[in-house]
Amino acid sequence: MGNFLATFLGVEEPPPPMVLVPPLFDFPPLIARTRMLESSYDLLFGKLALKCLFEDYFEQAAHFSTRIMLKPIEDPNVDLIATVSGPLDHKAEEKIVGNALFRWQRDVDDPHTFMDLFVSTSQPILRMRSCAYYPKYGFGAFGIFPLLINKRVCSEDYGVTGLRYGSGNLSFGATMIPFYLADEFPRSAWLVSRMGRLTAGVQYKPQLEEKGGANFNNLKNWSCAIGYGLGSTSPLSPSFNFGLELARSSQMIASFYQHFVVQRRVKNPFEEDEIVGITNYIDFGFELATSIGGTESSSSPQDATFQVAASWQANKNLMVKGKLGPISSSIALAFKSWWKPSFTFSISAVRDRRVEKTALGFGIRIEDLREASYQRADPNYVMLTPNKEHLAQGIVWKMGKRPMLQADVDSGNFDNLPRELRPLGRIL
């Protein structure tokens, strides 16, 4: 009735209060583009999220890294990633390393069928990778072939091929060495299954450096894990994952990862008056590894070690990360500008407690692979504490796009969200 009277009297209704929903700095992660080349066992149980939390933007002490990721407007199915990294001290014996990766994928929205060529100043000099996956049937095949390499030392230097099956609740596959030792079949194999919130898996991966390593009866070739997880892989969904792994029958690894989606009030003079809040992303992870080989305990950090890390993305431009371990601790600050292409500058400080020294590392990234921007959300989706903003009929103000609703996210309906805010996929 109020809207009708306001329209009849010619009074313009003020826009309802809205909350900004920024994109994640690096979502989806680049490693997700090649996950069909990896064992599902190595990516589940929170391992992919923990890898990004523990490694991204923590530059090596006294080193720099640069990465350029470009995609031509005329052909979005191809892209190029070039990296240069090395020591900050030009007198150091370590050399500067340059890499280039040219990639083609069949579908812009489906990264699972692709081919790429990798060129490097280190080993291998030239490598080709290819993967074909058919979602209708769930089957895929992939191969990794080092084409130019100075010296082939291990069996993987001759290439690796694999077959896999993946559905929402089951994944299994195997890899093999096609041009080398026939008695190394399979090179690795895995089986992972999901039952509700529980995920369990087993992996066979022989230690070929040992005599008689390729043996199914050797317990050191087997690993098993179980995980409990909540939420989806969308950054808009809070998630929780706990994993327990027995690696090679000699090491127990316990890990924990949680992704928080929180809202805070914001007073930004550069935003409209109706912007009353902003969504923040907080990630926390912990990993503890303990040897259980039956030997006497030792104070060596290789026998029992841990690492804990946390990150806070305050808005679309600023993120702070911290990491703590038994040997060193690190803190990183990253600033991202969402121009086209986007520009990211990061600086990290690493404290080595063994020598009581602190060193800095720097990183620069230029990218136009991800296309994300601020999204305006219905206040009923974002605000956690009831307040006056909840009474506003924000859903009637669409700004040319459908607002994001909490009900859609809870039900798993991400179709109306930007591609960069959707889950990685429903393939286990």
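From F102, F145, grab the single residue that is within 25 Å of the chain's Cα centre (by Cα) and modelled with pLDDT of 95 or more.
Answer to the check: F102.
Each row is one residue, and each column tells you yes or no for (1) modelled with pLDDT of 80 or more; (2) farther than 26 Å from F114 by Cα.
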| site | (1), (2) |
| --- | --- |
| F4 | no, yes |
| P14 | no, yes |
| V78 | yes, no |
| G86 | yes, yes |
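Which of the strands (runs of 3 or more DSSP E) contained wholly in region 30-120 include at least 1 residues that are of a type outside the set (A, V, I, L, M, F, W, C), in contact with a strand residue (DSSP E or B) (Cβ under 8 Å, 6 or more places away or on another chain) and closer than 30 Å to R197 by Cβ?
Counting at least 1 such residues, we get 110-120.
Tell me, please, whether a residue that is modelled with pLDDT under 90, within 26 Å of P238 (Cβ to Cβ) and acidic (D, E) can be found in region 303-318.
no
If L20 satisfies every condition in (1) aliphatic (A, V, I, L, M); (2) in a helix (DSSP H, G or I); (3) modelled with pLDDT of 75 or more but one, which is the exception?
(2)
Can you give me the number of residues within region 323-357 that are exposed (fewer than 13 other Cβ atoms within 10 Å of the Cβ) and of a type in the set (S, T, Y)?
Matching residues across region 323-357 total 1.
Which number in (1) in contact with a Phe, Trp or Tyr (Cβ under 9 Å, 6 or more places away or on another chain); (2) within 13 Å of L369 (Cα to Cα); (3) in contact (Cβ under 8 Å) with a residue 40 or more places away in the chain marks the one condition that V78 misses?
Answer for V78: the failing condition is (3).
Could you check how many residues of region 45-59 are surrounded by 16 or more Cβ atoms within 10 Å (Cβ to Cβ) and within 12 Å of A332 (Cβ to Cβ)?
Number satisfying all stated conditions: 6.
Residue check: is F64 in contact with a Ser or Thr (Cβ under 7 Å, 6 or more places away or on another chain) and of a type in the set (A, V, I, L, M, F, W, C)?
yes
What are the residues in region 124-149 that are under 17 Å from F102 (Cα atoms) and of a type outside the set (A, V, I, L, M, F, W, C), if any?
Across region 124-149, the qualifying residues are P124, R127, R129, S130, G143, P146.
Quick one: is E93 at pLDDT 90 or above and exposed (fewer than 15 other Cβ atoms within 10 Å of the Cβ)?
The answer is no for E93.
Kindly check whether there is at least one residue in region 149-160 that is surrounded by 16 or more Cβ atoms within 10 Å (Cβ to Cβ), under 23 Å from Y41 (Cβ atoms) and modelled with pLDDT of 90 or more.
yes
What tally of residues in region 133-172 results from selecting those that are outside any loop (DSSP other than H, G, I, E, B) and touching a Pro at 6+ places or on another chain (Cβ under 7 Å)?
Within region 133-172, residues that are outside any loop (DSSP other than H, G, I, E, B) and touching a Pro at 6+ places or on another chain (Cβ under 7 Å) number 4.
Identify all residues within region 222-240 that are in contact with a strand residue (DSSP E or B) (Cβ under 8 Å, 6 or more places away or on another chain) and either at pLDDT below 90 or in a loop (DSSP other than H, G, I, E, B) (or both); write none if there are none.
Within region 222-240, L230, G231, S232, T233, P235, L236, S237, P238 meet the criteria.
The values are calculated or read from the model by the stated rules, or taken from the named source; none is laboratory data. Note that the structure is a prediction, hence the values are computed from the model and not measured. Cβ sites come from the backbone with ideal geometry, for glycine too, and all protein chains shown count toward neighbours.
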